[in-house]
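To start, the structure under review is shown below, and the notes come after it.
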Amino acid sequence: MVAFIKQGFGHFVEQVGNEPTKVLILFNSPEYQEINMSTWLAANPDGFISDNFGIGKELVDKLPREAIGIAAPQAG
């Protein structure tokens with residue numbers, strides 16, 4: 001299998017057969033950059049998130065719009 005994923009696009013690899021899978025990951029930059037889930041969600045149009053995750057606009061509107069990292073539970 002060969003795949004090219006443009007920088008900044010969310011992706012995953014799933015093994016769907018029984019054969020061993022070898023994965024070779026190449027980066028186009030020697031500098032690692034993290035794109036966390038909250039940042040990735042905020043960078044996509046609301047309709048894309050709603051359609052692909054099967055959630056309503058009301059819930060999409062409540063998603064974080066900036067990186068939140070690991071957060072302690074909120075009281076209340």
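Here, each number is a calculation from the coordinates, and none is a lab measurement. Only a predicted model underlies this, so the values are computations on that prediction, with no experimental measurement involved. Note that we place each Cβ from the backbone using ideal geometry, even for glycine, and neighbour counts take in every protein chain shown.
Worth a mention:
- Projected label points at Y32 and K6, each 7 Å from Cα along the beta carbon direction, are separated by 2.6 nanometres.
- Separation in nanometres of the label points that stand 7 Å from Cα toward Cβ, at L24 and D46: 4.4
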